[in-house]
1. Starting from the Kirkwood radius over alpha-carbon pairs of region 25-185, derive D by Stokes-Einstein at 37 °C in a medium of 0.692 mPa s and give it in µm² s⁻¹.
2. For V117, V133, which order do you get if you count the other beta carbons within 10 Å of each Cβ and list the fewest first?
3. Based on DSSP H runs of at least 4 residues, each adding -39500 (n - 2.57), what is the mean residue ellipticity at 222 nm of the chain after dividing by all its residues, to the nearest 500 deg cm²/dmol?
4. Going 7 Å from the Cα of M96 in the Cα-to-Cβ direction, what parts of region 39-81 have a backbone nitrogen less than 17 Å from that spot?
5. Report the residue, chosen from I105, I91, I60, that carries the largest GNM mean-square fluctuation when the chain is represented by alpha-carbon nodes joined by springs under 10 Å.
6. Choose one answer from L87, L131, L159: the residue with the largest mean-square fluctuation in a GNM of the chain with alpha-carbon springs under 10 Å.
7. Highest first, please rank the peptides 32-38, 78-84 by the mean number of other Cβ atoms sitting within 10 Å of their residues.
8. Compare G92, G74, G148 in a GNM of the chain, Cα atoms joined below 10 Å, and give the one with the largest fluctuation.
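Taken together, the values in this text are just the output of simple stated rules run on the coordinates, not laboratory data. Owing to the predicted nature of the structure, the values given are computational and were not obtained by experimental measurement. Neighbour counts are summed over all protein chains in view; Cβ atoms, including those assigned to glycine, are modelled from backbone coordinates with ideal geometry.
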Amino acid sequence: MRWRGGAGTALAAVLCLSAATAEATLIEALSLGDLVSQSDTVVLVSCVGERALRDASDRIVTDYDLTVEDTLRGTATPGEVLTMRALSGEIGDLAMRIEGEPRLIPGRRYMLFLRSVDGVRRPVGMSQGVLPVTDDRGALLAHPGGGGLSLVHDNGGRLVPAPAALLHPEPLEQLRERVLEIVRRTP
């Protein structure tokens, strides 16, 4: 029997057989301005609960319940509970995981950049739109988002690595002021 596939086909077969699980999703890097302009809601929240379920497309998703502490864009009010959906989760023995989808932890705080699509709130830019907030001895810090993502931008038809909206932890009040300035300039 004679092999007709050629070297390219043989190489593709070897690569498929030896492929490892993906550890990051390739996505366009968004600036802070992009996060704000693509959001209809920007809020500081506490995650108060989570539940995994199947959506209308039979995918496993996780809905996070979030208590609003501060609204920078949109109509959410302090104390209101919002729900954000992530495309991942576990139901019994079944699990779905998409690298770059956010995983919130109940009891923790976040600054979220959200967009509603068909009545479902989703983070803008996957985990780029989810900035964890920590308390460092009384100083609130917002941390870069984008976990599980490889951020890139188009450089003349070639994808090159790009930075996240935040390069390092930033005092929450400073970030809040920057976001509010962008909101004032954004239609």
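1. Numbers: Rh = 16.2 Å.
It comes out at roughly 203 µm²/s.
2. On the way: V117 9, V133 19.
Sorted ascending by nearby Cβ count, the order is V117, V133.
3. On the way: 3 runs with 33 residues, N = 187.
The helix-only estimate for the chain comes to -5500 deg cm²/dmol at 222 nm.
4. Taking a point 7 Å out along Cα→Cβ of M96, the residues of region 39-81 whose backbone N falls under 17 Å are 51-64.
5. I91
6. L159
7. On the way: 32-38: 18.6, 78-84: 14.4.
Put in order of decreasing packing, that is 32-38, 78-84.
8. G92
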